[in-house]
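Inspection log for the structure reproduced underneath, given as structure tokens.
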Amino acid sequence: MTTTTTAGTTALTNIASLVTNDPSLGDGTPIGLIQDAAVVIDGDRVVWVGESSKAPATDNAVDAGGRAVIPGFVDSHSHLVFAGDRTQEFSARMSGRAYSAGGIRTTVAATRAATDSELSANVARYLAEALRQGTTTQETKSGYGLTVEDEARALRIARAQTDEVTYLGAHIVPPDHAGDPAAYVALVTGEMLDACAPYARWIDVFCEKGAFDGDQARAILTAGAAKGLHPRVHANQLSYGPGVQLAVELDAASADHCTHLTDADVDALAHSATVATLLPGAEFSTRAAWPDARRLLDVGATVALSTDCNPGSSFTSSMPFCIALAVRDMGMTPDEAVWSATAGGAAALRRQDIGRLTPGARADLALLDAPSHVHLAYRPGVPLVTAVWRAGERVR
């Protein structure tokens, strides 16, 4: 691959196959695939895409060397502000041994004990790790502090490194409120919300048995909306429940996990703007049942793929890995999985400027050391992302 690096417009040419996610382009499929393609970048935006032979003159050129180009991945669900490690828990689970060291509570204790600089360094490490694998937009949440001070601190640290920040004070009821969950809900919707809202764009709740029920989740999300935070929901991960229906009722941007769905849940997602965000890393790491992506796609629901990167149930930052799992075990085609990891993630963040490579979109793209995006599933575990541009700047 050859590159010139002076300022001005830049053309990436000799692209074997270009995923645009615009069905009006190329082969007319949802991924809008163009063969023998070029992309022109001006500043932080894409200004032209099409066949390489028709590319306009530019100031600079990058020869993609017959490789594939895709939009940068949009990871719309992660938990990066944490300290500590749950290796023993994972090892026990994979060995079939009982383990009762505390799960999320273990991470809460370690996170509370960590310094700001330690937490900030961890976030930077995982963002850099994801960027190397092609992720150019990353949502991340609080949820491992569960006090007013620690939740606000987590969001402040996250906000310094990514724009897509979610307040998840309602992750679990912490041990110090175990005897009075109503008091904790009051804290999450009151003093904690006041302290956290300035740093967040979103509010989330773990609506599940053992966490927060439907009424509690509705109160939390409604309070957040009154402060200008848009809802997201951890929904129907461990069991059937009200999470998906609540997400649709409140026009949540996404219902995340969606592992246990009734026909009514699937129908609600198909007839709403709420994206079903599937997190196969969690099922891989817990040996739980896989979400049925095919069931959702066949009725027209919008599906996103994300990593759920967290230290307990899905300690991966790799969107290519999640694509491979989705194709192998969740009924998705390679085209659908790549779309869901890019445009689907953008929809789950209600963003129009990312997740696609069309004129006007932010110039976020990944160059693969492969002739086709299909290799992301075809060659699982192989580090195929060889170059990354974010907002027009080559960052890898």
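Results, tabulated for the structure shown:
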read-out: At R0 = 56 Å, FRET efficiency that the Cβ-Cβ distance of Glu191 and Ala57 yields, to 0.05; value: 0.40
read-out: Top of Val74, Val382, Val233 by mean-square fluctuation, Gaussian network on the chain, Cα under 10 Å; value: Val382
read-out: 0 to 90° range, to nearest 10: angle between helix 319-329 axis and the chain longest Cα axis; value: 80
read-out: Fully extended contour minus Cα-Cα distance, from Ala226 to Arg328, at 0.36 nm per residue; value: 32.6 nm
read-out: Selection from His230, Thr189, Tyr240 lying farthest towards where the dipole of the range 90-243 points positive, charges on Cβ; value: Tyr240
read-out: Formal net charge of residues neighbouring Leu278 (Cβ-Cβ distance under 10 Å; K, R +1; D, E -1); value: -4
read-out: Total formal charge among the other residues, if their Cβ is under 11 angstrom from that of Leu349, Lys/Arg +1 and Asp/Glu -1; value: -1
read-out: Under the Karplus curve 6.51 cos²θ - 1.76 cosθ + 1.60, θ = phi - 60°, whole-Hz ³J(HN,Hα) for the range 126-133, x wherever Gly or Pro sits; value: 6, 5, 5, 4, 5, 4, 4, 9
read-out: Cleavage-rule hits (trypsin sites (Lys or Arg not before Pro)) in the range 132-214: DSSP loop, at most 15 neighbouring Cβ within 10 angstrom; value: Lys209
read-out: Check: the chain dipole with +1 on Lys, Arg Cβ and -1 on Asp, Glu Cβ, in debye; value: 660
read-out: Mean accessible surface per residue for the chain, computed with a 1.4 Å probe while every protein chain stays in place, in Å²; value: 38
read-out: Potential lengthening between Ser239 and Ala109 on full extension [0.36 nm per residue; Cα-Cα distance subtracted]; value: 44.1 nm
read-out: Fraction of accessible area attributable to carbon and sulfur, the chain (%, probe 1.4 Å); value: 52
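The values are calculated or read from the model by the stated rules, or taken from the named source; none is laboratory data. Predicted model, so just to flag it, every value in this text is computed and none were measured. Glycine also receives a Cβ, built like all others from the backbone with ideal geometry; neighbour counts cover every protein chain displayed. These accessible areas exclude ligands, DNA and RNA; they are computed on the full protein's heavy atoms, side chains included. Shrake-Rupley method; radii C 1.70, N 1.55, O 1.52, S 1.80 Å.
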